[in-house]
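For reference, the structure is listed below as C-alpha cells.
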Amino acid sequence: MEYFLFLFFYFFLFSILGYLCEIMHCFIIQKRFTLSRGFFLGPYCPIYGMSVLLLFFVFSKIERNTFSAPFLVFTLAFFLCSSIEYISSLLLEKIFKLRWWDYSDRKWNIKGRVCFSNAVLFGLGGLFLYFYLFPCLKFFIQNSNRKILLLLSALFFILFVTDVTLTITTMYHLQISKKRFEEKDVTPKINPMIRKTIFQAMHVKFSLPPILNLKMPSIAKLREAKENKRSHL
C-alpha cells in the first residue's frame, strides 16, 4: 500500500507540473492565458503523470554513466510519451466523440494526435527528468517525513478519485458526446461547462437559508449610489 501511495505521489505531482506546462505553452505559443487546460476540475493533467511514471520505470533500467545514456533517454521519452498522447487522444475520441486536441496545423503530425515538435519536447523533458529532477526527488523523499508523505498521498488520492467521479458523471449528464464544437481544441470550452454545472449543483445543495444568503452590492452599484448622493448634495 505504501509503495502504491508513493507512486501516486509521483503521478499527482507530475500531473500538476504538466498542467502548468500546458498553461505556459498556451501563453508562449498561442499568445493567450487560460486555466482551462485540464480534463478534470483540479489543476492537473493525468496524461503527464502517467507518462512520467512509465519513464520512471523504464529509466531505472538505464546505466547513468554510460555514453549512450542521453541518447537512450531522449529516444525513449520521444516515443513513449508520444505513444501515450496518441492512445489517450484515440480513447477520448472513441468515448466522448470529440477531439480534445488537434495538431493538424503542425508539421509532421500523425492524424493530428501527435506531432514532431511535441515529441522533441518530450525527449528534452525526459533528459531533464533523468539527469536532474528524478535524483532531486529521490533525495527529497529519502529525507522527508515518511508518514507526512503517505498522508499527503492518501489525501491527493481521495481528491483525485472524487474529481474523476464528478467530472465523468457531469460529462454524461451534459451529454458532451452529442455536442458539436467548431474549435479543434475543445478543452477550453468543455472545462468551464463542467465546472459551472458542478458549482451550480453544489450551490443548490448547500445553499444558505434566505435570511443568511445575503448578496453583497457590486462595486458599480456602490459607485452609482455615491454619485447619486453627491448630485443630491
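Extension gain I148-F199, at 0.36 nm per residue separation less the Cα-Cα distance, in nm? Before the final figure, lay out the partial values.
Numbers: separation 51, 0.36 × 51 = 18.36 nm, distance 3.07 nm.
Going from the current span to full extension adds 15.3 nm.
I want to verify the translational diffusion coefficient of the stretch 107-159 in µm²/s; compute it with Stokes-Einstein, Rh as the Kirkwood radius over Cα pairs, at 4 °C and 1.567 mPa s.
Details: Rh = 14.0 Å.
Translational diffusion coefficient: 93 µm²/s.
Subtracting the Cα-Cα distance from 0.36 nm times the residue separation, let me have the gained length for F71 to L121 in nm, one decimal.
Once the chain is fully extended between F71 and L121, it gains 16.6 nm.
Strictly greater than 21 Å: what percent of every Cα pair in the stretch 2-205 meets that? Walk me through the intermediate numbers first.
Values: 12077 of 20706 pairs.
In whole percent, the share of Cα-Cα pairs in the stretch 2-205 beyond 21 Å is 58.
Could you list the trypsin sites (Lys or Arg not before Pro) in the stretch 96-166 that lie in coil according to DSSP, counting only those with at most 10 other Cβ atoms within 10 Å of their Cβ? Spell out each step's value before the answer.
Working: sites: K97, R99, R106, K107, K111, R113, K138, R146, K147; in loops: K97, R99, R106, K107, K111, R113.
Qualifying residues, ordered by number: K107.
For the stretch 1-105, what does the alpha-carbon gyration tensor say about shape, rounded, prolate or oblate, given a ≥ b ≥ c as the root eigenvalues, a/c under 1.5 as rounded, and a/b over b/c as prolate?
The shape class here is prolate.
Using the Cα centre of the stretch 2-205 as the reference point, and only Cβ charges (+1 on K/R, -1 on D/E), how large is the resulting charge dipole? Debye, rounded to the nearest 20.
Details: 23 positive and 11 negative charges, 97 e Å.
The calculated dipole for the stretch 2-205 is roughly 460 debye.
How would you rank I29, I23, I87, going from fewest to most other Cβ atoms within 10 Å of each one's own Cβ?
On the way: I29 9, I23 17, I87 14.
Fewest-to-most Cβ neighbours within 10 Å comes out as I29, I87, I23.
Each residue of the stretch 83-98 in order: what ³J(HN,Hα) in whole Hz does its phi give by Karplus 6.51 cos²θ - 1.76 cosθ + 1.60, θ = phi - 60°, with x for Gly and Pro?
3J(HN,Hα) across the stretch 83-98, in whole Hz: 5, 5, 5, 5, 5, 4, 4, 5, 5, 4, 5, 5, 7, 10, 6, 9.
Just flag the trypsin sites (Lys or Arg not before Pro) in the stretch 1-74 sitting in loop per DSSP whose Cβ has no more than 15 other Cβ atoms within 10 Å. All intermediate terms of the calculation are to be shown ahead of the outcome.
Details: sites: K31, R32, R37, K61, R64; in loops: K31, R32, R37, K61, R64.
Hits after loop and neighbour filter: K31, R32, K61, R64.
For the pairs K61/K138; K61/K107; K31/K107; K31/K189, note any where the Cα-Cα span goes beyond 25 Å. Write out the running numbers ahead of the final one.
Numbers: K61/K138 16 Å; K61/K107 33 Å; K31/K107 20 Å; K31/K189 17 Å.
Over 25 Å apart, Cα to Cα: K61/K107.
Filter the GluC sites (Glu not before Pro) in the stretch 10-85 to those in DSSP coil with at most 11 other Cβ atoms within 10 Å of their Cβ, and list the result.
Sparse-neighbourhood loop GluC sites (Glu not before Pro): E63.
Could you list M193, M171, M24 in order of exposure, starting from the residue whose Cβ has the fewest other Cβ atoms within 10 Å?
Values: M193 16, M171 19, M24 12.
Arranged by neighbour count, lowest to highest, M193, M171, M24 become M24, M193, M171.
In the stretch 1-153, with Lys and Arg counted as +1 and Asp and Glu as -1 at Cβ, which of these residues, G38, F57, N143, has the Cα nearest the positive end of the dipole, that is, farthest along it?
Going by the Cα projections, it comes out as G38.
None of the figures in this text is laboratory data; all of them are computed from the coordinates on show. In this text, all values refer to a predicted model and were calculated from it rather than measured experimentally. Positions of Cβ are backbone-derived with ideal geometry, glycine not excepted, and every protein chain shown enters the neighbour counts.
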